[in-house]
Amino acid sequence: MHIIHIDMDAFFASVEQRDNPELKGRPIAVGGRPESRGVVATASYEARRYGVKSAMPMATALKLCPGLTILPVNHHKYRQVSEAVMDIFRSYTPLIEPISLDEAFLDVRGSEKLFGPAKVIGMAIQKRIKEELQLSASVGIGPNKFIAKLASDYQKPNGFTVIPQDKVLQFLVPLPVNKIWGIGEKTAASLNRVGIKTIGQLRDLPLEFLEGKFGKHGKILYGFARGEDTRPVEPEREVKSVGKEITFAGDIGDMEELRHTLQELAGKVAHRLRQENLKSGSVMLKIKYPDFQLVTRTESLPEPTNLAGPIYRAASQLLAKHCKPPVRLIGVTCGKLTGERQITLFRDEQLVREEKITSALDKLRDRYGEDVVKLASLLKKDRK
Ligand code: TTP
Ligand code: MG
């Protein structure tokens, strides 16, 4: 019983309510504007009572809850708050696996001598989040990740649920199968059709049946139904490469369109590198042809970079040299990663300029979200 899962309650919305007391106790949603077909990123618990949910069109949310206050997504702020939350975790254990900005697993096996049992650590963390950050979190504690995550979800918001090993089966039996990590709506529906609604019922199915139905996931499900999960808490893995790819709805033969796609992919990869404070020394172009043949070609970069320009230029050279359209999939992966603070003696003037522009654009992204910034050339393309 030494895995803790912590998930902040209505994260983006709670941060906004904290910073604007007029919004406390009121239905609010953070997300895009209804008139520009925005969606709800998250809603305060007051708004959830009206049926407002994540990923719902904001226009629908407004219909369900006419008194809804709509706020834009302030990524920069949430990232800072997230860092503060993670810092609290770090004062109890180095074994932290962040799942998203507002959620992480902690393995406190080695910390119990110092701070007391997992339960005491979980309570201390919840209290500090409340006192130091004026936010509420739900805490789940169990013998493994699967159980800890179900536990934190069990009594949201401000929940605190401990499931010791000998209570695991009792806890699982009544839960609906869709609570299982990896079971989406479709799988849940197909299980429901054969009369399997709860994890208890799932446990009655033989391993062979699950393997026949779900392939290699069958065995994992079989274990989950018994409360077994051997996945370790993996502290932030070292990033070895950063890549993005896209599979087209139909095969693409037009080089211009491929270049356009590469430019977008390079932009996303570069942004990701900057978020991770990394630079890349090589660019790999990946192409899948309509017959599924996979081709990759790699090129070294003259100096490590995290800018879209040089990454795009290298990728499009590879494209011109090696690609024979039509293609089914195209991707860009940056490798040979190094930390940001690498000193380069000879700077290319163009790169220096691009760096300045990029850092200005990143500030906009932080403030308004990923999609607000597109290179002018992409915008022109979109309008065509
Ligand atoms: P969640 O933890 O799923 O949701 P939440 O913290 O808002 O609410 P809960 O109390 O149920 O945990 O996601 C964390 C944040 O991630 C959420 O505040 C907003 C963001 N998010 C999106 O931007 N889009 C989404 O579709 C979801 C689910 C979350
Ligand atoms: Mg949350």
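So how many residues does region 145-195 have that are small (Gly, Ala, Ser) and away from ligand 2 (no atom under 16 Å from the Cβ)?
Of the residues in that region, 6 qualify.
With the requirement that a residue be out of contact with any Cys (no Cβ under 7 Å at 6 or more places or on another chain) and among the hydroxyl-bearing types (Ser, Thr, Tyr), what does region 19-70 give you?
Listed by number, the residues that qualify are Ser36, Thr42, Ser44, Tyr45, Ser54, Thr60, Thr69.
If you go through region 142-173, how many residues are in a helix (DSSP H, G or I) and in contact (Cβ under 8 Å) with a residue 12 or more places away in the chain?
15
If a residue counts only when it is more than 13 Å from ligand 2 (Cβ to nearest atom) and more than 17 Å from Ser152 (Cβ to Cβ), which strands (runs of 3 or more DSSP E) contained entirely in region 1-103 have at least 3 such residues?
Counting at least 3 such residues, we get 28-31, 69-71.
Inspect all residues belonging to region 296-303 and state whether any of them is free of Cβ contacts under 8 Å to residues at least 40 places away in the same chain, of a type in the set (A, V, I, L, M) and closer than 20 Å to Ser359 by Cβ.
yes
Please find, among Leu364, Leu307, the residue that is in contact (Cβ under 8 Å) with a residue 24 or more places away in the chain and of a type in the set (A, V, I, L, M).
Among Leu364, Leu307, only Leu307 is in contact (Cβ under 8 Å) with a residue 24 or more places away in the chain and of a type in the set (A, V, I, L, M).
No value in this document is a laboratory result; all are computed from the given coordinates. Everything quoted here is computed from the prediction, not taken from an experiment. Positions of Cβ are generated from backbone atoms using ideal geometry, with glycine treated the same way; all protein chains shown enter the neighbour counts.
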